[in-house]
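The values are calculated or read from the model by the stated rules, or taken from the named source; none is laboratory data. The shown structure was predicted, so the numbers you read here are calculated from the model rather than taken from an experiment. Reconstructed Cβ throughout: ideal geometry from the backbone, glycine too, with neighbour counts over all protein chains shown. Remember, those area values only see protein heavy atoms, side chains included, never the ligands or the DNA or RNA. Shrake-Rupley method; radii C 1.70, N 1.55, O 1.52, S 1.80 Å.
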Amino acid sequence: MELLAVFLPLIAFAIAGLFGKKIGDKGCQFITCAAVIIAALSSISLFFNVAYGGTAYTTVLADWINSGDFHIKWALRIDTLSVVMMCVINIVSACVHVYSIGYMSHDEAKGRFMAYLSLFTFAMLMLVTSDNLLQLFFGWEGVGLASYLLIGFWNHKESANAAAQKAFIVNRVGDFGLALGMMAIFVIFGTIQFDAIFSQVPEMAETYFTFLGGEYHALTIIGLLLFIGAIGKSAQLGLHTWLPDAMEGPTPVSALIHAATMVTAGVFLVARMSPLYEFAPDALMVVTVVGATTAFVAATIGLTQFDIKRVIAYSTMSQLGYMFFALGVSAYGAAMFHLMTHAFFKALLFLGAGSVIHAMSDEQDMRKMGGIWKKIPITYGLMWVGSLALAGIPPFAGYFSKDIVLEAAWADGTWFGHYAYYMGIAAAFMTAFYSWRLLLMTFHGKPRASEKVMSHVHESPTVMLGPLVVLAAGALFAGMVFYQGFVGSAGHHGDDHGTAHVEAEHHGEEEHGDTHEPVVIHDEGAEVIHAAEDGEEEHHAEDFVLSKETFWNQSIQVLAANDTVEAAHNVPKWVKYLPLVMGLLGISLAYVFYMFRPNAPSVTVTSFKELHTLFYNKWFFDEIYHHVFTKTAFLLGLFFWKFGDKKIIDGYGPDGSASVSNKVANLMSRFQSGYVYQYAFMMMIAVIGLISWFVFKGSSAGGAL
Amino acid sequence: MVDFPVLSLMTFLPLVGVLIILAIRGDEEVVAQNTKHMALYVSLFTFAFALFMFTRFDGTSAEFQFVEQSSWLKPLGINYHMGVDGISIFFILLSAFLTPVCILSAWDVVKTRVKEFMIAFLVLESFMIGTFVALDAVLFYVFFEGVLIPMFLIIGVWGGKRRVYSAYKFFLFTLLGSVLMLVGLLALYSETGTTDMPTLMEANIPIGLQYWLWLAFFASFAVKMPMWPVHTWLPDAHVEAPTAGSVILAGVLLKMGGYGFLRFSLPMFPDASAFFVDFVFWLSIIAIIYTSLVALVQEDMKKLIAYSSVAHMGFVTLGLFTATTQGIEGGIFQMLSHGLISGALFLCVGVVYDRLHTREISRYGGIVKNMPKYATVFMILMLGSVGLPGTSGFVGEFLVLLGAFQVDTTVAAFAATGVIFGAAYMLLLYRRVIFGPRVNDDALSMKDLNMRELGLLVPLVILIIWLGVFPSVVMDKISPSVEKLITNYNARSAVSIEPAAGSAQHDHLEGKQ
């Protein structure tokens, strides 16, 4: 089953890539779509087998690298964490594959496009099913490659090529950190296989090691290095500049790679490494602060952009920030929950935007849209569903996941948890505002496009709307249905979200005995006890109660003291309701600005000139990086080449000695024809001469010995 | 095991081919045609021989195999001694594999002095294989330096406009190294009374002498690698060399320096190697960062790839001198992988050079449209060069860094930045040549790869991916010999230099039990 789910996309890629010409565009579309749909169905079946009371397992495929005590195998690790990811990837990918048949129908390289999509899907699946860090890295770079290929898919556009290159190189900076983190893990743990690492983590909790000349807490360093990788891949503040540019790619790519799946790889990485992060609180603090700040900053930029895809891109970045601060406060389940719901509604928004762009004859600027909602009512309705989910309005999926994330941040009780909460609240307000700004600017008001464009506006074909409906179903129901599993409390299964809660002591002591609770490692005093040690495996089947513990089944691990998801059920009421209130306020304000008081935006912009300039120019990250890094690298390169190589090394080396020896050479010009024959010949004579001297000298020396 | 002198046969078979080619007579056209075929068959036959040897090779043993030994310069105790172990066998395969590739690549391209060209290549092959099978230092030296002669000729006769300058530079640099190595060899002989390499690897050479010997040999190997700052001959040599010359230069000749480190510096002078380890590390790091940045601003495709070779060889020297299993195995793997990848990259440059007669990057652009197959092959090679997992380039690079990290995290961190720069210059090259604005009409009318070119490049591409996914085919056979090398190294450098051990600057990890 897992072989089908992972390797079908690879096979489809190989067929479409190698024989694309022979089987034609239709053949490529059929094969890739069929493969990914079957893979998606397999993943769903795996999900229900593994996450609902099943057991995790690993399928070993082959040896990869063996070098000394470094052993790596190709293997597929199937546990709840990976099957959740597999479902998200394969379902969204299947939708995007089918959607692309319609969206790319005017393109001349349909086969190649489908092949790349399948390649991406395969790489992403390898990433999430890896049982060691190196295979994860394989998938990690593989998705980077697919992203590079797809951003630059329209390679006749210089801007697309530049964006593709930027994405690859910026991600390489992150990979640099990830690779170092991996090496540090190998040095500390002697392995980079997940289970082997995790089993050693508690005893390594107090290890220190020397890094870059200083003495540091090993797990913190590892956590931070891995997080650098996550920052790059998931476009967190600092290494985020590639994501908005990545919108140069075709819209289905943005939906699949730059919203639903690849950019969440960083979140997955931290969740996967949760047993390690649990013992690196300082690293988690950094994760929280970076995530919360990203959520806020990205939202501020999203307020001011006019390109419909860029608005959604910044929104993605902002939502990823939510996931990271959830991870940072140890609410891994909540982060994964938000990852899952976000995949649905954000893919929906992107594909919906694609449908709009398609209808508007490839126009992406919202200033040139407007007044089209009656012409494309289905797209309009589906965009509403996506926006409601994004803004966190019940009963849409985003409401459940965003709320639990924010509640967990509050429940963490630390300064950075509170910082994350307030940043998240502010971002929630802005999210609602820019979502409705997008809806109103795009669909309402007077048409601002040319007559010609307007006369062409048409609803998308079924092949594009079908996938949107599937995603909309996810955006509607995924939150309600999976709440209990992802973040639900063992004591309170049911729809009592936001009301009742359990006393911490009650939970810790009593339920411990009778509900199977293997996820939580109880950290009472200094002791670390595996709850699963209590040996109630046999009760498992009959006592199966769906809770986050049984659901995750140890694929993520949280110290009991850090179990903020549990504590999130007990936060004060105002903490629970504030996000919703802010969301509604944001929506209302957007109506005021873009429907009832059309001059309000310009008035605001002029009265907050400096802030608007800052936001509109994306806080000037691109400009700063360009000057500090790109320019410097090229200048240094020129300097080393012209000055280092030519002036110094050659100048004092061969050329210098050449000019000196020229005079001598002139005298010897009879011998020196300038042809290499002569040099070679002289060289040979010299060698023979030296050897004969050596023979002579050697024989006498030999006598002496 | 086999009961005939397989190594000698393999080494001298190309020379037999040379004799036959010399005997070919007739008018020029016919001679050229026959010579080409003859050279191709001989080189293919040699490759078949190498493969045969590979199938008989016992990959679990660290010992030298197929050993041949007979008296050569009797009064001196210098023997004709050959043998193969896990370290050398893949270099032999690489040489034997790339020679027919080179001959084929020159098939329609070299039009003048075809006969001499083929002779030069067969002599070169013979010497390359000789270098890797020789187990006597004098024999090694003869082959090692002998390689330069056909290479001089290939650059000097069939090269570009500034071939004389390049050949002169090449000559000057390597001469410097050769002379010092020869002096070192003499000193080594007068100290130990033998030139037998396996014996020397066991010999205990006084520390004071080790330093000097290490430096003498280092001079030669560093030039060959080439290491910074004696690398400047390489870009010029590559630029002027014909395509086949560049392929073999990058593919095999650059590996001889690394091979020398493995055969001489590390096993014979372990104390000196440990003493100079930081020196080598920092030269390697400078090579990686400095030449990567230089590669970034190149306008000539061949120069860019040449500079990238220096950077990649920086990873090799770094890995070898970590004296860790991962570092050394990674270094060896990186050499093999680089031989395939850069060889194929130079072939790719040759493909467009043959069509447009320029290597200037800005003369191309947008050729993905008219050359989709070429674009695909070039893409895979580019990814191999930047070390994408799943290609052979990744395995070597990663293992080297892993080895380095165990010894010194700072060194590893600096070296790892090369991974970022590598992506920068290769992606930029690819973007400017393959994508980019379509401005040069002549570039846009170039034909896609023909069958001969595909036949050359596709096997290389398959090998690069295959070794990236299943490197253990190679690694498992390398590791017994490497383990032996490391065991020896550790045993001996620990015994003789107690106080100097600190200078190796091992960053210890305190918590590890």
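General observations
- Single condition A:Val173 does not satisfy, out of (1) open to solvent by 10 Å² or more (accessible area, probe 1.4 Å); (2) over 16 Å from B:Pro389 (Cα atoms): (2)
- Matching residues, segment B:440-462, being in a loop (DSSP other than H, G, I, E, B), more than 14 Å from every other protein chain (Cβ to nearest Cβ) and open to solvent by 20 Å² or more (accessible area, probe 1.4 Å): B:Asn440, B:Ser445, B:Lys447, B:Asn450
- Inter-residue pairs, beta-carbon under 8 Å, first more than 9 Å from chain B (Cβ to nearest Cβ) and in segment A:616-639, second at pLDDT 80 or above and open to solvent by 60 Å² or more (accessible area, probe 1.4 Å), 6+ apart: A:Asn617/A:Glu623
- Test: residue in segment A:138-154 that is on the phi < 0 side of the Ramachandran plot, in contact with a Ser or Thr (Cβ under 7 Å, 6 or more places away or on another chain) and β-branched (Val, Ile, Thr): no
- Selection within segment A:65-85 - within 7 Å of chain B (Cβ to nearest Cβ) and either under 23 Å from A:Gln554 (Cβ atoms) or part of a strand (DSSP E or B) (or both): A:Ile65, A:Asn66, A:Ser67, A:Phe70
Matching residues to (1) within 11 Å of another protein chain (Cβ to nearest Cβ); (2) touching a residue at least 60 places away in the same chain (Cβ under 8 Å); (3) part of a helix (DSSP H, G or I); (4) among the hydrophobic types (A, V, I, L, M, F, W, C):
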residue: B:Arg432; (1), (2), (3), (4): yes, yes, yes, no
residue: B:Arg438; (1), (2), (3), (4): yes, yes, no, no
residue: B:Ile464; (1), (2), (3), (4): no, yes, yes, yes
residue: B:Glu483; (1), (2), (3), (4): yes, yes, yes, no
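- Of everything listed in (1) open to solvent by less than 10 Å² (accessible area, probe 1.4 Å); (2) of a type in the set (A, V, I, L, M, F, W, C); (3) not in a helix (DSSP H, G or I), the single unmet condition for A:Ala164 is (3).
- Taking (1) part of a helix (DSSP H, G or I); (2) open to solvent by 10 Å² or more (accessible area, probe 1.4 Å) in turn, A:Gly238 satisfies each apart from (1).
- When B:Arg355, B:Arg359 are checked against the criterion of being open to solvent by 10 Å² or more (accessible area, probe 1.4 Å) and in contact with a strand residue (DSSP E or B) (Cβ under 6 Å, 6 or more places away or on another chain), a single residue qualifies: B:Arg359.
Quick grid of which residues meet (1) surrounded by fewer than 23 Cβ atoms within 10 Å (Cβ to Cβ); (2) hydroxyl-bearing (Ser, Thr, Tyr); (3) assigned to a helix (DSSP H, G or I):
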site	(1), (2), (3)
B:Val157	yes, no, yes
B:Lys161	yes, no, no
B:Met181	no, no, yes
B:Thr194	yes, yes, no
B:Ser220	no, yes, yes
B:Pro226	no, no, no
B:Gly245	no, no, yes
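- For segment B:177-194, a residue qualifies if it is within 9 Å of chain A (Cβ to nearest Cβ), under 26 Å from B:Ile149 (Cβ atoms) and touching a residue at least 40 places away in the same chain (Cβ under 8 Å), and the qualifying residues are B:Ser178, B:Leu182, B:Leu185, B:Tyr189.
- Restricting A:Glu459, A:Glu451, A:Glu407 to those that are farther than 17 Å from A:Gly291 by Cβ, among the charged types (D, E, K, R) and in contact with a helix residue (DSSP H, G or I) (Cβ under 8 Å, 6 or more places away or on another chain) reduces the list to A:Glu459.
- Residue pairs whose Cβ atoms lie under 9 Å apart, separated by 6 or more positions or on different chains, with the first residue in segment A:74-100 and under 16 Å from A:Ala51 (Cα atoms) and the second of a type in the set (Lys, Arg), are A:Leu81/A:Arg272; A:Ser82/A:Arg272.
Per-residue answers, yes or no, for (1) in contact with a Gly (Cβ under 7 Å, 6 or more places away or on another chain); (2) touching a residue at least 12 places away in the same chain (Cβ under 8 Å); (3) surrounded by fewer than 18 Cβ atoms within 10 Å (Cβ to Cβ):
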{"position": "B:Ala39", "(1), (2), (3)": "yes, yes, no"}
{"position": "B:Ala48", "(1), (2), (3)": "no, no, yes"}
{"position": "B:Glu63", "(1), (2), (3)": "no, yes, yes"}
{"position": "B:Val67", "(1), (2), (3)": "yes, yes, yes"}
{"position": "B:Asn79", "(1), (2), (3)": "no, yes, no"}
{"position": "B:Leu93", "(1), (2), (3)": "no, yes, no"}
{"position": "B:Ala96", "(1), (2), (3)": "no, yes, no"}
{"position": "B:Leu104", "(1), (2), (3)": "no, yes, no"}
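- For segment B:229-240, the count of residues that are buried (at least 18 other Cβ atoms within 10 Å of the Cβ), of a type in the set (Phe, Trp, Tyr), assigned to a helix (DSSP H, G or I) and within 14 Å of chain A (Cβ to nearest Cβ) is nonzero.
- Wholly within segment A:581-676, helices (runs of 4 or more DSSP H) carrying at least 3 residues that are in contact with a Ser or Thr (Cβ under 8 Å, 6 or more places away or on another chain), at pLDDT 80 or above and surrounded by 12 or more Cβ atoms within 10 Å (Cβ to Cβ): A:609-616, A:621-625
- Any chance A:Leu256 is closer than 18 Å to A:Phe337 by Cα and not in a loop (DSSP other than H, G, I, E, B): yes
- Residue match in segment A:388-407 (condition: at positive phi, modelled with pLDDT under 90 and surrounded by fewer than 24 Cβ atoms within 10 Å (Cβ to Cβ)): no
- Residue in segment A:191-205 that is at the interface with chain B (Cβ under 10 Å from one of its Cβ atoms), in a helix (DSSP H, G or I) and open to solvent by 10 Å² or more (accessible area, probe 1.4 Å) present: yes
- Yes/no for A:Val487 being modelled with pLDDT of 50 or more, farther than 30 Å from A:Thr251 by Cα and out of contact with any Leu (no Cβ under 8 Å at 6 or more places or on another chain): yes
- Residue among B:Ser43, B:Ser95, B:Ser105 that is closer than 22 Å to B:Gly257 by Cα, of a type outside the set (A, V, I, L, M, F, W, C), more than 14 Å from chain A (Cβ to nearest Cβ) and touching a helix residue (DSSP H, G or I) at 6+ places or on another chain (Cβ under 7 Å): B:Ser95
- Residue in segment A:420-443 that is assigned to a loop (DSSP other than H, G, I, E, B) and either out of contact with any Ser or Thr (no Cβ under 7 Å at 6 or more places or on another chain) or open to solvent by less than 50 Å² (accessible area, probe 1.4 Å) (or both) present: no
- When each of B:Phe421, B:Phe405, B:Phe414, B:Phe394 is tested for being crowded, with 20+ Cβ neighbours inside 10 Å, modelled with pLDDT of 90 or more and at the interface with chain A (Cβ under 7 Å from one of its Cβ atoms), the lone residue that passes is B:Phe405.
- Note on segment A:13-62: residues that are surrounded by 14 or more Cβ atoms within 10 Å (Cβ to Cβ), at pLDDT below 90 and within 22 Å of B:Ile465 (Cβ to Cβ) amount to 3.
Yes/no matrix, rows are residues, columns are (1) more than 20 Å from A:Asp175 (Cα to Cα); (2) more than 21 Å from the chain's Cα centre (by Cα):
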site: B:Phe346; (1), (2): yes, no
site: B:Gly350; (1), (2): yes, no
site: B:Thr358; (1), (2): yes, yes
site: B:Arg363; (1), (2): yes, yes
site: B:Gly366; (1), (2): yes, yes
site: B:Thr376; (1), (2): yes, yes
site: B:Val386; (1), (2): no, no
site: B:Val400; (1), (2): no, no
site: B:Val419; (1), (2): no, no
